[in-house]
Structure formats: structure tokens, C-alpha cells
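The values are calculated or read from the model by the stated rules, or taken from the named source; none is laboratory data. Note that this is a predicted model, so its numbers are computed, not measured. All Cβ positions, even for glycine, are placed from backbone atoms using ideal geometry, and neighbour counts span all protein chains on display. In case anyone asks, the SASA skips ligands and DNA or RNA and just uses the protein heavy atoms, side chains included. Shrake-Rupley method; radii C 1.70, N 1.55, O 1.52, S 1.80 Å.
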Amino acid sequence: MARLPFSAILLMLVGIDLISAQETLAYIPRLTPHNMEGKITTSTFVLDQPRCVFNNVVKEDDDIWLVVAYSSEVDKFKPPRLPLELPFQELKKNSFYMTLSTVEGNYPCPEEDSNNLNVLRVGSETSCTWDLSRPDCNGPLPDPGPYRVKFVVMNNQGNTTETKWSEPITLIQGKSPDSIDTSPVRRRTGVTIIASILSILFAILLAAFIATLCYKYSDICSGADMVSGRDPTITHYTTHHRYDQPAASRSEPHVFG
């Protein structure tokens, strides 16, 4: 039986050691269950922080990264030698990017009575979207996805620990400008019909109101004519005889006897 060279045995031992070092945790990243605005938008989503997940498995020189991937490509993911080999700006090309690097101290176990909202918003940085000097940019996601995420622990030797992939996360789908109906005729037909009916009703009411006014004022005018006529209950006296007597006396001469 041929003996294996010492160098081959050494490489096998190193490979076994690396495999055992890449521990997969049972933790599954998830969207925050908290009721908050903007949990999912057209370019961002909000995760729960992985608190109490890495406190027993990481070392002081380990960094915790978030891997964001297109859901259909997760089976092709292989942890890179350096996280910056998967920059945000090349997501379309690589189908993955790594961001939100931090240390375990930022994901501590919360106190039992803690009510703090401990979340991570993926896609919140807009200033570094096209900045190639920021490959770890937490930039806005370019399309609805769906996406899946996982946390990976890395140090100088590469990947040491990782979580499972999340469930697919689909962002809100924005409407295409071409699909928006800008025609006021088709969009507001119902409003136009209602306005026409109201206009007709208003015209009918106005005509009825004018007719009522005409009828009312016609009665008033007729009443005025009746008042100006003679009242049969009033007795009128003729006084012309009072003036005839003096006139007659002035015309006849006095006769002296």
C-alpha cells in the first residue's frame, strides 16, 4: 500500500480543520415583526438584529457581515476570501454583495425587560450607490428582487461561521410610468356624469324657484290694485252746494223796500 506524502496529509488536515471551522448556525434572519412604517419599501427592507446569536462563536478579530443575494442564486454562493470581492456596485453581475460589517459587541444579548427596537435597514445609504471606493455600501436595492440574506462571520482566514438563508423578501413593486392612465376622459367619466346630473337638478330647482317668485309677486300686484279702488263702505259727500249759494247771492241785487 503506497504511503501518502507528508505534504498531502498536511493539506488534508488543514482542509478538515477549515471545514469544521465553517459552522452553520440554526439562526434564520427575518423581517422585523414590529409594526413600523417602511418595513418594506421599493428599495429597502428592515431585519431584526441577530442578538444573542454570535456571542459564543466569534472572536475579537472576527467581523460579522450581511450577505444580500438574489433569491434564485443562493445555491451558487461561495464565501469570498475577502468580503470586498463582492461589492454592492456589482450586484447585477455577481448576484451577491456583502455589507453592514460590524463586531459581535454591537449585537449583544438584550436585557429581559428591554423594549428597544433593534433593527437593521437594508438599502438605507444613498450617498455611496456609485462610489467604487465604498464596496461595502448599504445602498438602495435596484429592483423588487426577491432577495434572501444571511449573516457571515469572517476573519483573516476567511469564513468561520454563518447563519441560514432567510425566506425570500420581495420589495414593493413601483408602477411603470407607461402603465399610468393619464387620460382625464376615461379616468373621470363617473365624476363627469355626476356633475352633469347635479347641474340638471340645479337648473330644475332654479326654474321652480323663479316660477314661485313670479307667482308670489303677481299676487302682490293684484292686491295693490284692489286697495287703490273705492271702498263701498266709505260714504262720500258732495259739497258743491256750499259754494253755489254765495255765488247766487252775489249775482242778485238787494231790493230795499
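Around Y147, under 12 Å between beta carbons, what's the net of Lys plus Arg minus Asp minus Glu among the other residues?
Taking every other residue near Y147 into account, the sum is -1.
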Exercise. What residues qualify as long-range amide H neighbours of K164, i.e. H under 5 Å apart, gap of 5 or more or another chain, H built at 1.01 Å from N?
Worked result: L25, Y27
Seminar exercise, completed: Kirkwood calc, segment 109-159, C-alpha pairs only, radius in angstrom 14.3 Å
For this session: Rank-order 47-54, 100-107, 205-212, 62-69 by packing density, defined as the average count of other C-beta atoms within 10 Å over each peptide's residues, highest first.
Result: 62-69, 47-54, 100-107, 205-212
Exercise. Per residue and in cubic angstrom, what volume does the convex hull of the Cα atoms of segment 15-174 have?
Worked result: 126 Å³
Exercise. Considering only protein heavy atoms, what is the solvent-accessible area of S196 at a probe of 1.4 Å, reported in Å² to the nearest 10?
Worked result: 60 Å²
